[in-house]
Amino acid sequence: MQSILFGYGVALDVHGLDEKFAMGAVGPFARWIEARFGWSMCGGWAVAIEEHADGEEPLKVFFRLLDEYRAS
């Protein structure tokens, strides 16, 4: 998932589109996760989510956290 979103962010830059993009490896979503949970972002937010999924499907954790982030 992170790779797809990274590609989308690159495409925005390449085409000069001015769109706020929160899903970069060190973007607002990653900073929110780091501040909220204290998780390291050295591998990016996808690795952090996978490492802390605690048996839950990491993709489900991602979408749950994304909903929380958007609501904040």
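The values are calculated or read from the model by the stated rules, or taken from the named source; none is laboratory data. Quick caveat, the model's predicted, so the values are computed rather than measured. Cβ placement follows ideal geometry from the backbone for every residue including glycine, while neighbour counts extend to all protein chains displayed. Please note that ligands, DNA and RNA were not included when accessible areas were found on the heavy atoms of the full protein model with its side chains. Shrake-Rupley method; radii C 1.70, N 1.55, O 1.52, S 1.80 Å.
Results, tabulated for the structure shown:
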| quantity | calculated |
| --- | --- |
| Separation of the Tyr8 and Glu56 label points, Cα + 7 Å toward Cβ, nm | 2.1 |
| Charged-residue dipole, Cβ positions (Lys, Arg, Asp, Glu), the chain about Cα centre, Debye nearest 20 | 160 |
| The chain - percent of accessible surface contributed by carbon and sulfur, probe 1.4 Å | 56 |
| Residue-normalised accessible area of the chain, expressed per residue, 1.4 Å probe, Å² | 68 |
| Under 9 Å, Cβ to Cβ, from Met41 - net charge with Lys/Arg +1 and Asp/Glu -1 | 0 |
| Solvent-accessible area of Val47 with every protein chain in place, 1.4 Å probe, in Å² to the nearest 10 | 60 |
| Value of [θ]222 nm, deg cm²/dmol, for the chain, DSSP H segments ≥ 4, -39500 (n - 2.57) each, nearest 500 | -18500 deg cm²/dmol |
